[in-house]
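Below: one structure, written as structure tokens.
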Amino acid sequence: MSCNQCKKVTWAEYDELFVCIYCKRQNVKTTTRCCVEVELEDASGSILATLFGKNAENMLSCSAKQLMEQTDEDGITDIESVATLSNPDNFLVHIKATTYERQGQTKNKFSVVAANEIPK
């Protein structure tokens, strides 16, 4: 769930009114928002990246609400029954790389900031 104003994550329940600790707005509703880890691959190799929001919905051809309804404590066990993976050759993906320190090691995190379908 996320704030329907600033899109930051919240632990409030679906369709619940709450005070957002990020944007400080009161009586905002939660909204569903996808957060999916994917492996992106091209001729140079592959990386793990995170898809958020509409980028995830577009690439998986299903809504965040559909994914939420199929999720339990263990996540989605059969994503193929919910999502139809779009043909990966049809997307131009813009990735943001972030470097951070964890337990004395430098790590990289990749997020998809744009995923645009390429018309055929």
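Readers should treat all values here as calculations from the given coordinates under stated rules, not as data from a laboratory. Treat the numbers as computed from the prediction; the structure is a model and nothing was measured. Every residue, glycine as well, gets a Cβ built from its backbone with ideal geometry; the counts of neighbours run over all protein chains shown.
Considering the options Val28, Cys62, Pro119, tell which one lies farthest towards the positive end of the dipole of the chain, charges being +1 on Lys and Arg and -1 on Asp and Glu at the Cβ, about the Cα centre.
Val28
Take the chain, mark every one of the chymotrypsin sites (Phe, Trp or Tyr not before Pro) that falls in a DSSP loop and has at most 15 other Cβ within 10 Å, then report the longest stretch left between them, sites excluded.
With a cap of 15 other Cβ atoms within 10 Å, the longest stretch comes to 23-120.
On average over all directions, what projected area in square nanometres does the chain have, based on the convex hull of its Cα atoms?
Mean projected area for the chain: 9.6 nm², to one decimal.
Please work out the FRET efficiency for the pair Lys107 and Val9, using the Cβ-Cβ distance as r and a Förster radius of 25 Å; give the result to the nearest 0.05.
0.75
Can you pull the one-decimal nm distance between simple spin-label points at Leu48 and Ile95, each 7 Å off the Cα toward Cβ?
About 1.3 nm, to one decimal.
Once both labels are modelled 7 Å past Cα along the beta-carbon direction, what's the Gln26-Gln70 spacing in nm?
My value for the distance between the label points is 4.0 nm.
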